[in-house]
1. Would you work out the relative contact order for the range 316-415, in percent, from Cα pairs under 8 angstrom that are 6 or more residues apart?
2. Summarise the accessible area of the range 179-315 (1.4 Å probe, protein heavy atoms) by the percent that is carbon and sulfur.
3. Considering only protein heavy atoms, what per residue accessible area in square angstrom results for the chain with a 1.4 angstrom probe?
4. Per-residue ellipticity at 222 nm for the chain, helices alone: DSSP H runs ≥ 4 residues times -39500 (n - 2.57), over residue total, nearest 500 deg cm²/dmol?
5. Pick from 231, 83, 168: which is most flexible by mean-square fluctuation in a GNM of the chain where alpha carbon atoms under 10 Å apart are linked?
6. With helices defined as uninterrupted DSSP H runs, which ones in the chain have an alpha carbon span along their own long axis of at least 24 Å and mean Kyte-Doolittle hydropathy of at least -0.5?
7. With springs connecting C-alpha atoms under 10 Å apart, model the chain as a Gaussian network and identify which of 120, 349, 80 has the largest mean-square fluctuation.
8. Please report how far the C-alpha centroid of the range 136-164 lies from that of the range 387-415, rounded to the nearest whole angstrom.
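The values are calculated or read from the model by the stated rules, or taken from the named source; none is laboratory data. Because the structure is predicted, anything quoted here is derived from the model rather than measured. A quick note on method: Cβ atoms are made from the backbone with ideal geometry, for glycine too, and the neighbour counts reach across all protein chains shown. Keep in mind that these areas ignore ligands, DNA and RNA; they rest on the heavy atoms of the full protein, side chains included. Shrake-Rupley method; radii C 1.70, N 1.55, O 1.52, S 1.80 Å.
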Amino acid sequence: MKTIQSVRGMNDIEGAEAFFFQRLINLIEELFGRYQFELLILPIVEKTELFSRGIGGATDIVEKEMYTFTDRNEESLSLRPEGTAGCVRACLERGLIHNQIRKFWYYGPMFRHERPQKGRYRQFYQVGAEIFGIPTPDVEAETLSMLAKLWELLRIQNHLTLEINTIGTLEERKIYRQKLINYLKGHFEALDEDSKRRLETNPLRILDSKDSNTQAILENAPKLMECLGEGSRSHFEKLTCYLDALKISYRLNPKLVRGLDYYCHTVFEWTTDLLGSQATVCGGGRYDGLVAELGGQATQAFGFALGLERLMLITEQAGFKAERKTPIAYLMTDETNLAAVIALAMQLRDNDIHVALNCGGGSFKAQLKRAEKSEARFRITLKEANEIALTDLNNHHAPEQILSFNELIKVLGYG
Ligand code: HAM
(Lines give C-alpha, C1' and ligand atoms only; values in the text may rest on other atoms or scores of the structure.)
Protein backbone atom coordinates (compact mmCIF):
# COMPACT_ATOMS: atom_id res chain seq x y z
CA MET A 1 0.00 0.00 0.00
CA LYS A 2 1.19 3.55 -0.70
CA THR A 3 2.62 5.36 2.33
CA ILE A 4 1.14 8.70 3.36
CA GLN A 5 3.34 11.80 3.15
CA SER A 6 3.30 14.78 5.50
CA VAL A 7 1.52 17.97 4.44
CA ARG A 8 3.72 20.28 2.33
CA GLY A 9 5.57 22.77 4.50
CA MET A 10 4.83 20.83 7.70
CA ASN A 11 7.86 18.92 8.85
CA ASP A 12 8.84 16.30 11.39
CA ILE A 13 11.71 17.19 13.65
CA GLU A 14 13.71 14.15 14.69
CA GLY A 15 17.05 12.86 15.96
CA ALA A 16 19.73 15.41 16.79
CA GLU A 17 17.44 18.21 15.56
CA ALA A 18 14.71 17.26 18.02
CA PHE A 19 17.25 17.01 20.82
CA PHE A 20 18.57 20.46 19.95
CA PHE A 21 15.03 21.87 19.72
CA GLN A 22 14.25 20.73 23.24
CA ARG A 23 17.56 22.00 24.58
CA LEU A 24 16.83 25.39 23.06
CA ILE A 25 13.42 25.51 24.73
CA ASN A 26 15.01 24.58 28.07
CA LEU A 27 17.67 27.25 27.69
CA ILE A 28 15.07 29.87 26.77
CA GLU A 29 12.82 28.86 29.65
CA GLU A 30 15.70 29.28 32.06
CA LEU A 31 16.77 32.64 30.63
CA PHE A 32 13.25 34.09 30.38
CA GLY A 33 12.54 32.86 33.91
CA ARG A 34 15.39 35.04 35.16
CA TYR A 35 13.48 37.99 33.68
CA GLN A 36 10.23 36.99 35.42
CA PHE A 37 8.38 35.76 32.38
CA GLU A 38 5.66 33.22 33.21
CA LEU A 39 4.82 30.39 30.82
CA LEU A 40 1.39 30.58 29.18
CA ILE A 41 0.11 27.54 27.32
CA LEU A 42 -2.37 28.61 24.66
CA PRO A 43 -4.72 26.78 22.26
CA ILE A 44 -3.64 26.26 18.68
CA VAL A 45 -7.13 26.96 17.32
CA GLU A 46 -8.95 30.25 17.94
CA LYS A 47 -11.98 31.99 16.51
CA THR A 48 -11.08 33.53 13.15
CA GLU A 49 -12.40 36.91 14.28
CA LEU A 50 -9.62 37.13 16.88
CA PHE A 51 -7.02 37.25 14.14
CA SER A 52 -8.92 39.43 11.66
CA ARG A 53 -9.57 41.99 14.41
CA GLY A 54 -6.23 41.59 16.17
CA ILE A 55 -3.71 41.25 13.34
CA GLY A 56 -5.72 43.28 10.81
CA GLY A 57 -7.98 42.21 7.94
CA ALA A 58 -5.75 43.81 5.30
CA THR A 59 -2.52 42.07 6.34
CA ASP A 60 -0.98 39.26 4.27
CA ILE A 61 -1.36 36.90 7.20
CA VAL A 62 -5.13 37.33 7.49
CA GLU A 63 -5.81 37.96 3.81
CA LYS A 64 -3.79 35.14 2.30
CA GLU A 65 -2.09 32.88 4.78
CA MET A 66 -4.50 31.62 7.43
CA TYR A 67 -5.71 28.07 7.71
CA THR A 68 -9.40 28.81 8.25
CA PHE A 69 -12.20 26.28 8.39
CA THR A 70 -15.77 25.98 9.54
CA ASP A 71 -16.23 23.43 12.32
CA ARG A 72 -19.22 21.15 12.84
CA ASN A 73 -21.08 23.98 14.61
CA GLU A 74 -20.68 26.27 11.60
CA GLU A 75 -18.22 28.43 13.51
CA SER A 76 -15.26 29.95 11.63
CA LEU A 77 -12.03 28.87 13.32
CA SER A 78 -8.37 29.31 12.36
CA LEU A 79 -5.09 27.65 13.19
CA ARG A 80 -3.13 30.37 14.94
CA PRO A 81 -0.73 32.19 12.61
CA GLU A 82 1.01 33.88 15.58
CA GLY A 83 0.74 34.02 19.37
CA THR A 84 0.12 37.64 20.39
CA ALA A 85 -3.62 37.79 19.64
CA GLY A 86 -4.25 34.53 21.49
CA CYS A 87 -2.15 35.69 24.43
CA VAL A 88 -4.18 38.91 24.74
CA ARG A 89 -7.42 36.96 24.38
CA ALA A 90 -6.38 34.63 27.22
CA CYS A 91 -5.28 37.52 29.43
CA LEU A 92 -8.63 39.28 28.96
CA GLU A 93 -10.70 36.15 29.42
CA ARG A 94 -8.86 35.28 32.64
CA GLY A 95 -8.47 38.82 33.97
CA LEU A 96 -4.68 38.52 34.06
CA ILE A 97 -3.68 42.02 33.03
CA HIS A 98 -6.24 44.32 34.59
CA ASN A 99 -4.30 47.24 36.12
CA GLN A 100 -1.17 45.23 36.64
CA ILE A 101 2.19 44.52 35.13
CA ARG A 102 2.50 40.96 33.79
CA LYS A 103 5.08 39.20 31.67
CA PHE A 104 4.29 36.00 29.76
CA TRP A 105 6.13 33.73 27.37
CA TYR A 106 4.81 30.92 25.19
CA TYR A 107 6.04 28.56 22.54
CA GLY A 108 4.51 26.21 20.03
CA PRO A 109 3.50 25.69 16.43
CA MET A 110 2.07 28.49 14.29
CA PHE A 111 0.56 28.05 10.82
CA ARG A 112 0.80 30.23 7.73
CA HIS A 113 0.04 29.17 4.17
CA GLU A 114 3.19 30.64 2.64
CA ARG A 115 5.32 29.20 -0.16
CA PRO A 116 7.68 26.78 1.61
CA GLN A 117 11.44 27.18 1.25
CA LYS A 118 14.47 26.95 3.52
CA GLY A 119 13.58 28.80 6.72
CA ARG A 120 9.93 29.26 5.69
CA TYR A 121 7.34 26.63 6.51
CA ARG A 122 3.59 26.29 6.80
CA GLN A 123 3.86 24.91 10.29
CA PHE A 124 6.71 26.54 12.18
CA TYR A 125 7.57 27.04 15.82
CA GLN A 126 7.73 30.34 17.62
CA VAL A 127 8.88 31.34 21.05
CA GLY A 128 7.17 34.57 22.00
CA ALA A 129 7.01 36.91 24.97
CA GLU A 130 4.54 39.66 25.85
CA ILE A 131 4.70 42.31 28.57
CA PHE A 132 1.63 44.22 29.71
CA GLY A 133 1.20 47.44 31.65
CA ILE A 134 4.48 49.28 31.03
CA PRO A 135 4.35 52.40 28.81
CA THR A 136 8.04 53.36 28.96
CA PRO A 137 10.94 52.33 26.72
CA ASP A 138 12.99 50.92 29.62
CA VAL A 139 11.09 47.64 29.25
CA GLU A 140 11.92 47.61 25.54
CA ALA A 141 15.64 48.03 26.27
CA GLU A 142 15.53 45.35 28.96
CA THR A 143 13.76 42.90 26.64
CA LEU A 144 16.15 43.58 23.77
CA SER A 145 19.07 43.02 26.14
CA MET A 146 17.55 39.67 27.11
CA LEU A 147 17.47 38.70 23.42
CA ALA A 148 21.05 39.90 22.98
CA LYS A 149 21.97 37.61 25.88
CA LEU A 150 20.24 34.69 24.17
CA TRP A 151 22.26 35.24 20.98
CA GLU A 152 25.40 35.41 23.08
CA LEU A 153 24.60 32.13 24.87
CA LEU A 154 24.12 30.50 21.45
CA ARG A 155 27.29 32.19 20.15
CA ILE A 156 25.48 33.73 17.18
CA GLN A 157 25.69 37.37 18.25
CA ASN A 158 28.02 38.17 15.33
CA HIS A 159 25.46 36.92 12.82
CA LEU A 160 22.52 39.02 13.98
CA THR A 161 21.73 42.68 13.40
CA LEU A 162 19.12 44.57 15.36
CA GLU A 163 17.03 46.87 13.19
CA ILE A 164 14.74 49.35 14.92
CA ASN A 165 12.23 51.98 13.92
CA THR A 166 9.37 53.95 15.38
CA ILE A 167 5.98 54.12 13.70
CA GLY A 168 4.45 56.54 16.23
CA THR A 169 0.83 56.56 17.35
CA LEU A 170 -2.23 55.55 15.37
CA GLU A 171 -3.17 59.22 14.83
CA GLU A 172 0.32 60.13 13.61
CA ARG A 173 0.27 57.17 11.27
CA LYS A 174 -3.11 58.22 9.88
CA ILE A 175 -1.67 61.59 8.86
CA TYR A 176 1.38 59.92 7.38
CA ARG A 177 -0.74 57.31 5.62
CA GLN A 178 -2.64 60.03 3.74
CA LYS A 179 0.57 61.85 2.79
CA LEU A 180 2.07 58.62 1.52
CA ILE A 181 -1.05 57.74 -0.49
CA ASN A 182 -1.10 61.22 -2.07
CA TYR A 183 2.56 60.91 -3.04
CA LEU A 184 2.33 57.34 -4.37
CA LYS A 185 -0.81 58.08 -6.39
CA GLY A 186 1.38 60.37 -8.51
CA HIS A 187 3.56 57.30 -9.34
CA PHE A 188 0.81 54.69 -9.44
CA GLU A 189 1.60 53.18 -12.85
CA ALA A 190 5.25 52.56 -11.95
CA LEU A 191 4.45 50.65 -8.75
CA ASP A 192 4.67 46.86 -8.60
CA GLU A 193 1.37 44.95 -8.60
CA ASP A 194 1.43 44.14 -4.88
CA SER A 195 2.06 47.78 -3.99
CA LYS A 196 -0.74 48.96 -6.28
CA ARG A 197 -3.09 46.69 -4.41
CA ARG A 198 -1.77 47.81 -1.04
CA LEU A 199 -2.11 51.51 -1.80
CA GLU A 200 -5.67 51.61 -0.54
CA THR A 201 -5.61 48.73 1.95
CA ASN A 202 -2.23 48.85 3.69
CA PRO A 203 0.00 51.56 2.18
CA LEU A 204 2.65 51.47 4.91
CA ARG A 205 3.56 47.93 3.87
CA ILE A 206 4.66 49.38 0.52
CA LEU A 207 7.66 50.81 2.37
CA ASP A 208 9.24 47.36 2.67
CA SER A 209 8.42 46.28 -0.91
CA LYS A 210 11.25 44.24 -2.46
CA ASP A 211 10.63 45.74 -5.92
CA SER A 212 13.49 47.99 -7.06
CA ASN A 213 11.26 50.39 -9.06
CA THR A 214 8.98 50.88 -6.07
CA GLN A 215 12.01 51.39 -3.84
CA ALA A 216 13.32 54.07 -6.22
CA ILE A 217 9.96 55.88 -6.04
CA LEU A 218 10.06 55.68 -2.26
CA GLU A 219 13.39 57.52 -2.12
CA ASN A 220 11.56 60.85 -2.36
CA ALA A 221 8.42 59.83 -0.48
CA PRO A 222 7.43 61.69 2.71
CA LYS A 223 9.08 60.20 5.79
CA LEU A 224 7.10 58.82 8.70
CA MET A 225 9.53 60.40 11.17
CA GLU A 226 8.43 63.85 9.92
CA CYS A 227 4.85 63.18 11.05
CA LEU A 228 5.75 62.17 14.59
CA GLY A 229 5.03 64.42 17.55
CA GLU A 230 7.29 65.21 20.48
CA GLY A 231 6.06 62.30 22.65
CA SER A 232 6.79 59.66 20.02
CA ARG A 233 10.19 61.10 19.19
CA SER A 234 11.31 61.29 22.78
CA HIS A 235 10.10 57.72 23.51
CA PHE A 236 12.27 56.46 20.67
CA GLU A 237 15.24 58.64 21.57
CA LYS A 238 15.20 57.29 25.10
CA LEU A 239 15.23 53.73 23.77
CA THR A 240 18.25 54.45 21.56
CA CYS A 241 20.05 56.08 24.53
CA TYR A 242 19.45 52.98 26.67
CA LEU A 243 20.66 50.71 23.88
CA ASP A 244 23.79 52.83 23.44
CA ALA A 245 24.47 52.70 27.17
CA LEU A 246 23.98 48.90 27.13
CA LYS A 247 26.32 48.65 24.13
CA ILE A 248 23.68 46.90 22.07
CA SER A 249 24.34 47.92 18.50
CA TYR A 250 21.43 48.56 16.15
CA ARG A 251 20.63 49.95 12.75
CA LEU A 252 17.91 52.56 12.32
CA ASN A 253 15.66 51.34 9.53
CA PRO A 254 12.97 53.92 8.67
CA LYS A 255 11.38 51.40 6.28
CA LEU A 256 10.70 48.81 8.95
CA VAL A 257 6.93 48.71 9.52
CA ARG A 258 6.27 44.96 10.23
CA GLY A 259 3.53 42.86 8.73
CA LEU A 260 0.93 43.03 11.50
CA ASP A 261 -1.37 45.99 12.14
CA TYR A 262 -1.26 46.16 15.91
CA TYR A 263 2.09 47.92 16.32
CA CYS A 264 2.78 51.49 17.45
CA HIS A 265 5.95 53.35 18.47
CA THR A 266 8.90 50.95 18.64
CA VAL A 267 9.19 48.12 16.12
CA PHE A 268 12.24 45.91 15.68
CA GLU A 269 13.67 42.89 13.91
CA TRP A 270 16.81 40.85 14.37
CA THR A 271 18.03 39.82 10.93
CA THR A 272 20.81 37.46 9.91
CA ASP A 273 23.33 37.17 7.09
CA LEU A 274 23.08 33.36 7.16
CA LEU A 275 19.60 32.63 5.84
CA GLY A 276 19.25 34.26 2.44
CA SER A 277 15.85 35.83 1.91
CA GLN A 278 14.31 34.45 5.13
CA ALA A 279 16.55 36.74 7.12
CA THR A 280 14.31 37.71 10.03
CA VAL A 281 14.89 35.53 13.05
CA CYS A 282 12.96 37.56 15.59
CA GLY A 283 10.52 40.46 15.39
CA GLY A 284 8.32 42.48 17.63
CA GLY A 285 7.42 45.84 19.03
CA ARG A 286 4.99 47.86 21.06
CA TYR A 287 1.24 47.37 20.60
CA ASP A 288 -0.56 49.68 23.02
CA GLY A 289 -3.86 49.54 21.09
CA LEU A 290 -4.43 45.80 20.78
CA VAL A 291 -5.88 45.06 24.22
CA ALA A 292 -8.60 47.70 23.70
CA GLU A 293 -9.12 46.52 20.11
CA LEU A 294 -9.90 43.08 21.51
CA GLY A 295 -12.38 44.46 24.01
CA GLY A 296 -10.23 45.16 27.09
CA GLN A 297 -9.31 48.32 28.91
CA ALA A 298 -6.50 50.26 27.19
CA THR A 299 -3.27 48.54 28.29
CA GLN A 300 0.24 49.20 27.07
CA ALA A 301 2.05 46.18 25.70
CA PHE A 302 5.33 45.16 24.15
CA GLY A 303 6.57 41.82 22.87
CA PHE A 304 8.35 39.72 20.30
CA ALA A 305 8.45 36.29 18.72
CA LEU A 306 11.35 34.34 17.31
CA GLY A 307 11.25 31.54 14.75
CA LEU A 308 12.75 28.41 16.26
CA GLU A 309 13.61 26.71 12.95
CA ARG A 310 15.43 29.82 11.76
CA LEU A 311 17.24 30.07 15.08
CA MET A 312 18.29 26.42 14.84
CA LEU A 313 19.45 26.84 11.23
CA ILE A 314 21.72 29.77 12.01
CA THR A 315 23.00 28.29 15.25
CA GLU A 316 24.04 25.18 13.35
CA GLN A 317 25.52 27.20 10.50
CA ALA A 318 27.48 29.26 12.98
CA GLY A 319 29.20 26.04 14.05
CA PHE A 320 27.16 24.77 16.98
CA LYS A 321 26.91 21.00 16.68
CA ALA A 322 23.65 19.50 17.85
CA GLU A 323 24.53 16.09 19.24
CA ARG A 324 22.24 13.53 20.67
CA LYS A 325 23.10 12.45 24.19
CA THR A 326 24.66 8.96 24.08
CA PRO A 327 24.49 6.57 27.06
CA ILE A 328 27.59 6.22 29.19
CA ALA A 329 27.00 2.49 29.68
CA TYR A 330 25.15 -0.32 27.93
CA LEU A 331 23.67 -3.00 30.22
CA MET A 332 23.63 -6.51 28.77
CA THR A 333 21.22 -9.16 29.98
CA ASP A 334 20.32 -12.80 29.87
CA GLU A 335 16.98 -14.22 30.78
CA THR A 336 18.03 -15.39 34.24
CA ASN A 337 19.04 -11.94 35.54
CA LEU A 338 16.72 -9.69 33.57
CA ALA A 339 14.88 -8.23 36.57
CA ALA A 340 18.14 -7.52 38.42
CA VAL A 341 19.58 -5.68 35.39
CA ILE A 342 16.41 -3.61 34.95
CA ALA A 343 16.60 -2.70 38.65
CA LEU A 344 20.30 -1.78 38.33
CA ALA A 345 19.57 0.43 35.31
CA MET A 346 16.84 2.16 37.29
CA GLN A 347 19.19 2.78 40.24
CA LEU A 348 21.82 4.26 37.91
CA ARG A 349 19.24 6.52 36.28
CA ASP A 350 18.11 7.61 39.75
CA ASN A 351 21.69 8.80 40.19
CA ASP A 352 21.46 10.84 36.98
CA ILE A 353 23.56 8.39 35.00
CA HIS A 354 22.43 7.94 31.42
CA VAL A 355 22.45 4.22 30.52
CA ALA A 356 20.91 2.01 27.84
CA LEU A 357 19.50 -1.41 28.62
CA ASN A 358 19.46 -4.31 26.20
CA CYS A 359 15.85 -5.22 25.53
CA GLY A 360 14.71 -7.83 23.08
CA GLY A 361 17.18 -10.55 24.12
CA GLY A 362 19.84 -11.73 21.67
CA SER A 363 23.12 -13.61 21.82
CA PHE A 364 26.15 -12.16 23.59
CA LYS A 365 27.57 -11.18 20.19
CA ALA A 366 24.36 -9.49 19.07
CA GLN A 367 24.15 -7.54 22.33
CA LEU A 368 27.77 -6.48 22.02
CA LYS A 369 27.05 -5.14 18.53
CA ARG A 370 24.15 -3.11 19.90
CA ALA A 371 26.35 -1.84 22.75
CA GLU A 372 28.89 -0.58 20.20
CA LYS A 373 26.18 0.98 18.07
CA SER A 374 24.80 2.83 21.08
CA GLU A 375 28.18 4.62 21.34
CA ALA A 376 28.28 3.88 25.06
CA ARG A 377 31.74 3.99 26.56
CA PHE A 378 31.18 1.02 28.90
CA ARG A 379 29.36 -2.26 28.91
CA ILE A 380 27.92 -3.74 32.10
CA THR A 381 27.06 -7.37 32.73
CA LEU A 382 25.86 -9.05 35.90
CA LYS A 383 27.78 -12.13 36.99
CA GLU A 384 26.54 -14.85 39.24
CA ALA A 385 25.44 -13.52 42.63
CA ASN A 386 24.75 -10.25 40.82
CA GLU A 387 28.34 -9.05 40.81
CA ILE A 388 28.68 -6.01 38.56
CA ALA A 389 31.23 -6.36 35.77
CA LEU A 390 32.29 -3.26 33.84
CA THR A 391 34.19 -3.29 30.53
CA ASP A 392 35.63 -0.25 28.78
CA LEU A 393 34.54 -0.49 25.14
CA ASN A 394 36.99 2.21 24.10
CA ASN A 395 39.97 0.27 25.41
CA HIS A 396 39.98 -3.39 24.48
CA HIS A 397 43.15 -4.04 26.52
CA ALA A 398 41.62 -2.82 29.78
CA PRO A 399 40.60 -5.79 31.96
CA GLU A 400 37.01 -6.31 33.07
CA GLN A 401 36.47 -4.75 36.52
CA ILE A 402 34.24 -6.19 39.26
CA LEU A 403 32.73 -3.25 41.17
CA SER A 404 30.35 -2.50 44.00
CA PHE A 405 27.40 -0.25 43.14
CA ASN A 406 29.08 2.76 44.79
CA GLU A 407 32.30 2.19 42.90
CA LEU A 408 30.31 1.86 39.67
CA ILE A 409 28.59 5.19 40.25
CA LYS A 410 31.95 6.85 40.80
CA VAL A 411 33.41 5.49 37.57
CA LEU A 412 30.34 6.27 35.46
CA GLY A 413 29.77 9.63 37.10
CA TYR A 414 33.26 10.72 35.95
CA GLY A 415 33.04 8.91 32.63
P1 HAM B 1 6.31 37.77 12.93
O2 HAM B 1 7.39 38.69 12.48
O3 HAM B 1 5.18 37.55 12.03
O4 HAM B 1 5.81 38.34 14.33
O5 HAM B 1 6.94 36.36 13.28
C6 HAM B 1 8.00 36.24 14.20
C7 HAM B 1 9.05 35.27 13.68
O8 HAM B 1 8.46 34.01 13.36
C9 HAM B 1 9.73 35.68 12.40
O10 HAM B 1 10.76 36.61 12.67
C11 HAM B 1 10.28 34.37 11.89
O12 HAM B 1 11.50 34.05 12.53
C13 HAM B 1 9.21 33.39 12.34
N14 HAM B 1 8.36 33.04 11.19
C15 HAM B 1 7.31 33.74 10.70
N16 HAM B 1 6.76 33.10 9.65
C17 HAM B 1 7.48 31.97 9.46
C18 HAM B 1 7.40 30.87 8.55
N19 HAM B 1 6.45 30.79 7.61
N20 HAM B 1 8.31 29.87 8.66
C21 HAM B 1 9.28 29.91 9.62
N22 HAM B 1 9.38 30.91 10.52
C23 HAM B 1 8.50 31.93 10.45
C24 HAM B 1 4.81 37.79 15.07
O25 HAM B 1 4.36 36.70 14.88
C26 HAM B 1 4.39 38.65 16.24
N27 HAM B 1 3.34 37.93 16.97
C28 HAM B 1 5.56 38.96 17.14
C29 HAM B 1 5.17 39.79 18.34
C30 HAM B 1 4.93 39.34 19.59
N31 HAM B 1 5.00 41.10 18.35
C32 HAM B 1 4.63 41.48 19.57
N33 HAM B 1 4.59 40.41 20.33
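1. Contact order relative to length: 28 percent.
2. 51
3. About 52 Å² of surface per residue is accessible.
4. Rounded to the nearest 500, the figure is -11000 deg cm²/dmol.
5. With Cα springs under 10 Å in the chain, the top fluctuation among 231, 83, 168 is at 231.
6. Helices meeting the span and hydropathy rule in the chain are 15-34.
7. Of 120, 349, 80, the Gaussian network model singles out 349 as fluctuating most.
8. When both Cα centres are located, 46 Å separates them.
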